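Read-outs throughout are calculated quantities, based only on the coordinates presented, and are distinct from any laboratory measurement. Only a predicted model underlies this, so the values are computations on that prediction, with no experimental measurement involved. We place every Cβ from the backbone using ideal geometry, glycine too, and count neighbours over all the protein chains shown.
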Amino acid sequence: MRQSQQPSFIRKDFPKDEEAYNAQILIRAGFVDKVMAGVYSYLPLGLRVLDRIENIVRKRMDELGAAQILMPVLHPKENWQKTGRWGDLDVLFKVIARDKKEYALGPTHEEIVAPLGQKAVASYKDLPFALYQIQTKLRDEPRAKSGLLRGREFLMKDLYSFHATESDLESYYARAIEAYRAIFRDLGLDAVLVEASGGTFSKYSHEFQVLIDAGEDTVVYCEKCHFAQNKEINDARDGDPCPSCGAPLALRSGAEVGNIFQLKQKYSEPFGLAYRDAQGEQKTVLMGCYGIGISRLMGVCAELFHDDRGLVWPAAIAPFDAHLIVLSGADAVVAQEVRRRADALYDSLVAAGVDVLYDDRLDLTAGEKFAEADLTGIPIRLVVSQKTGDRVEIKRRSQTAVELVDFNEAVPYCIQK
């Protein structure tokens with residue numbers, strides 16, 4: 001992608017109306033734009049990061065054997081009345097249509113997926129199966145002050161599994177935990193599995209928390225044996241003995257990036273989601289649900305992966321693999337030759353499958369281009385200039401060292417990453 005052909009949303013200063021660092025840096029670097037509290041537009045760079053996070057999540061969901069679907073944001077009131085959450089869920093957005101009918105804007109999708117599952121189940125032979133989606137959620141959050149970590153509109157992956165027996169549900173639940181661990185490893189995140197309250201979903205649940213200072217949750221954590229519980233269900237204090245190994249506990253701030261619940265019959269029963277077993281007896285289908293905040297993950301990564309110059313994206317989710325910068329110089333003849341070599345390198349990178357952002361703009365100084373490159377945090381920076389001659393200057397965003405390589409070595413360098 002040539003930068004000369006794209007709009008730039010990069011700002012010179014941090015926004016003054018944001019408290020959370022993730023929102024400050026993502027807005028300044030041109031990844032998102034704030035529309036109002038808890039609601040953001042995802043700009044070209046930001047959307048590419050979201051796409052890469054989605055692809056990592058989708059790969060692991062497909063490996064679990066789940067089928068991808070897409071459910072609506074607009075929900076009938078009747079579905080939410082059946083589960084009792086129309087009046088009980090305080091973050092539920094409600095809208096009234098011109099015909100005076102009331103609807104919900106989906107904060108979660110149990111009320112839609114349970115009756116959907118009913119249409120695919122007749123007997124035990126139809127089970128188990130799993131459905132997932134990556135879709136926008138809307139929640140009337142009272143504390144939308146943490147940027148992408150707590151939004152009113154956000155992107156989420158939710159997976160729902162359907163089972164005939166408790167043992168089958170528990171087996172799938174264990175497999176989902178391992179899939180989630182793989183996702184967070186793929187993203188370069190150290191996520192802790194935390195026991196938690198299930199809220200309106202179930203009695204108990206598990207959360208995946210990334211322990212960062214910006215996190216809104218408090219996790220009771222043992223460094224020795226990795227025992228972890230949300231502070232909401234554990235009143236331990238710093239230094240109290242771990243109930244598992246006896247080592248001192250610590251209270252840590254955490255950002256929730258995933259949660260999983262054994263719903264069992266909680267949402268299948270209200271919708272008559274049932275099957276006939278081998279003896280012809282009708283039984284209620286058991287369910288599990290498994291969520292990951294896609295846009296929240298982007299915010300968590302921004303909180304973790306940065307330095308004083310800007311973002312430092314892991315290669316797996318960076319908006320581009322490499323950032324090619326051409327510094328043409330003032331002399332017209334030299335500038336033409338430098339640009340010819342930069343264009344040739346760009347074409348070679350694209351042909352080799354390297355996703356490259358090409359800063360071919362003529363109206364910025366070298367200092368301005370380098371500052372923007374650091375701010376946006378693409379893993380590899382390539383520079384072609386009069387100074388580099390017939391070689392290419394290469395620098396990794398996470399390192400300070402700069403090296404010169406031959407032109408024919410630049411493409412293999414980027415492919416190997």
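Separation of the range 1-66 from the range 316-361 is 23 Å, based on Cα centroids.
Radius of gyration (Cα atoms) of the range 322-416, expressed as a multiple of 2.2 N^0.38 Å: 0.99. Cross-linked pairs 125/264; 77/125; 137/157; 101/264; 16/157; 77/266: Cα-Cα separations exceed 21 Å for 77/125; 101/264; 16/157. Across the range 100-160, the convex hull enclosing all Cα atoms gives 104 Å³ per residue. Considering only beta bridges that DSSP places wholly inside the chain, some 80 percent are antiparallel. Within the chain, the cysteines lacking any other cysteine Cβ closer than 4.7 Å to their own Cβ are 289, 301, 414. Using a Gaussian network for the chain with springs between C-alpha atoms less than 10 Å apart, which of these wobbles most: 149, 364, 327? The residue that fluctuates most here is 364.
Loop-located trypsin sites (Lys or Arg not before Pro) in the range 6-98 (DSSP state other than H, G, I, E, B) with a sparse environment of at most 16 neighbouring Cβ atoms within 10 Å: 11, 12, 16, 98. Comparing 284, 400, 108 in a Gaussian network model of the chain where C-alpha atoms under 10 Å apart are linked, the largest mean-square fluctuation is found at 400. Coupling constants for the range 354-370 follow from the phi torsions by the Karplus curve (6.51 cos²θ - 1.76 cosθ + 1.60, θ = phi - 60°), and in residue order they are 7, 7, 10, 9, 10, 7, 9, 5, 9, 9, 10, 6, 4, x, 5, 5, 5 Hz; glycine and proline get x.
With an 8 Å cut-off on Cα pairs and a minimum separation of 6 or more residues, tell me the relative contact order of the range 1-93 in percent. The normalised contact order for the range 1-93 reaches 14 percent. With the biggest extent put first, the Cα atoms of the range 7-70 measure 45, 24, 19 Å across the principal axes. Computed over the chain with a Gaussian network model linking Cα atoms closer than 10 Å, the most mobile of 276, 181, 150 is 276. Just check the range 27-169 against the gyration tensor rule for me: Cα atoms, a ≥ b ≥ c as the square roots of the eigenvalues, rounded for a/c under 1.5, and otherwise prolate or oblate depending on whether a/b exceeds b/c. The shape class here is oblate. Each label was represented as a point 7 Å from its Cα along the Cα-to-Cβ direction; for residue 408 and residue 218 these points are 6.4 nm apart.
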